[in-house]
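What follows is a set of notes on a single structure, which appears directly below.
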Amino acid sequence: MNHFFKCLGLSAACAINVASANESDVNLIVSKANHVAFYQGVDGRAESRMLITDGGGNKQVRQFTILRKDRNEPDDADQDFLVLFSRPADVRNTMFRVIKHIGGSDDRWLYLPGLDLVKRISSGDKRTSFVGSHFFYEDISGRSLSADKHELLAGTEQHYVVKNTPLDPASVEFAFYTVWIDKGNWMPVKTEYTDSAGKVYRRIEALQIKDIDGFATATKMKASDLRSGGSTLTEMRYIHYGIGLPDDIFSERSLRNPPQQWFKRK
């Protein structure tokens, strides 16, 4: 996404004063980039349109509205999400609730309106597809910084380039991933995943950046599967930060009765 949910991580925003980073302190760099990618504002709302294209060129569309609120502001930690689907027709009014736990497995619930059923779903692997797209749950809600060893590579005039190697290699499908971070606003603009054979097989890019509510925001993101040739293009619209979402809307009750006053466009 900021990668939101990078608006949840399908957008990235800079809510901190940008200063020159000490290039020897890679942990400072990745911490600021993580804040920019996943913790813009205290809460937010966005509408997302995903165009999913498989390796054969077949296309499908997903549209949904996302509400997000930080649980431990100003700390970059757990978050609440509500997602209301509007397209395609067979998933219209389906609701998805997530409690993101930065140090462990997320809690997830799904409401199926056709069955009037609230179902708790397995948190499973965060590195699985989000709603059938080429984005993973972890792309949307973020990866724990403590899960990887971070190494600052030779950068460019515009970007810090950071290599991230998992401390538990058996828990993920990649050998390492590399992130390009904009030196001007700390935004992660490209991430490439490399397999054990040394080949880049997956890429996430921020294709369009806009200033929204004073935050630099990635309004267009692309996730590409370089093996299959498939990709997902995500466009975020009607984005607002700091809207004052109440804590009590992030509940099981909201799955059956979505808080429409917060999902509607202002």
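Okay, residues lined up against (1) in contact with a strand residue (DSSP E or B) (Cβ under 6 Å, 6 or more places away or on another chain); (2) modelled with pLDDT of 95 or more; (3) not in a loop (DSSP other than H, G, I, E, B):
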residue	(1), (2), (3)
Gly44	yes, no, yes
Ser48	yes, yes, yes
Gly57	no, yes, no
Leu67	yes, yes, yes
Pro74	no, no, no
Ala77	no, no, no
Asp90	no, no, yes
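Rundown of residues vs (1) modelled with pLDDT of 95 or more; (2) of a type outside the set (Ser, Thr, Tyr); (3) over 25 Å from Met50 (Cα atoms), yes/no style:
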{"site": "Gly155", "(1), (2), (3)": "no, yes, yes"}
{"site": "Val179", "(1), (2), (3)": "yes, yes, no"}
{"site": "Ser224", "(1), (2), (3)": "yes, no, no"}
{"site": "Glu235", "(1), (2), (3)": "yes, yes, no"}
{"site": "Ser251", "(1), (2), (3)": "no, no, yes"}
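Filter segment 221-266 for residues that are assigned to a loop (DSSP other than H, G, I, E, B) and in contact with a helix residue (DSSP H, G or I) (Cβ under 8 Å, 6 or more places away or on another chain); which is surrounded by the most Cβ atoms within 10 Å (Cβ to Cβ)?
Just the residues of segment 221-266 that are assigned to a loop (DSSP other than H, G, I, E, B), to begin with: 226-230, 242-246, 250-252, 257-259, 264-266.
Next, only the ones that are in contact with a helix residue (DSSP H, G or I) (Cβ under 8 Å, 6 or more places away or on another chain) stay: 243, 245, 259.
Working: Ile243: 15, Leu245: 20, Pro259: 18.
It comes out as Leu245.
Can we say Val131 is within 29 Å of Leu245 (Cα to Cα) and outside any loop (DSSP other than H, G, I, E, B)? Step through it out loud before you land on a result.
Numbers: within 29 Å of Leu245 (Cα to Cα): yes; outside any loop (DSSP other than H, G, I, E, B): no.
Spelling it out, it is not the case that Val131 is within 29 Å of Leu245 (Cα to Cα) and outside any loop (DSSP other than H, G, I, E, B).
Quick check on my filter: what residues within segment 193-220 are small (Gly, Ala, Ser), at pLDDT below 95 and surrounded by fewer than 20 Cβ atoms within 10 Å (Cβ to Cβ)?
Gly214, the sole residue that qualifies.
Are there any pairs with C-beta distances below 6 angstrom linking a residue in segment 205-228 that is under 22 Å from Val131 (Cα atoms) to a residue that is of a type in the set (A, V, I, L, M) and assigned to a loop (DSSP other than H, G, I, E, B), with the two at least 6 apart or on different chains, and if so which?
That search, which allows pairs on different chains as well, returns Ala218/Ala12; Met221/Met1; Met221/Leu10.
The values are calculated or read from the model by the stated rules, or taken from the named source; none is laboratory data. All values derive from a computational prediction rather than experimental measurement. A quick note on method: Cβ atoms are made from the backbone with ideal geometry, for glycine too, and the neighbour counts reach across all protein chains shown.
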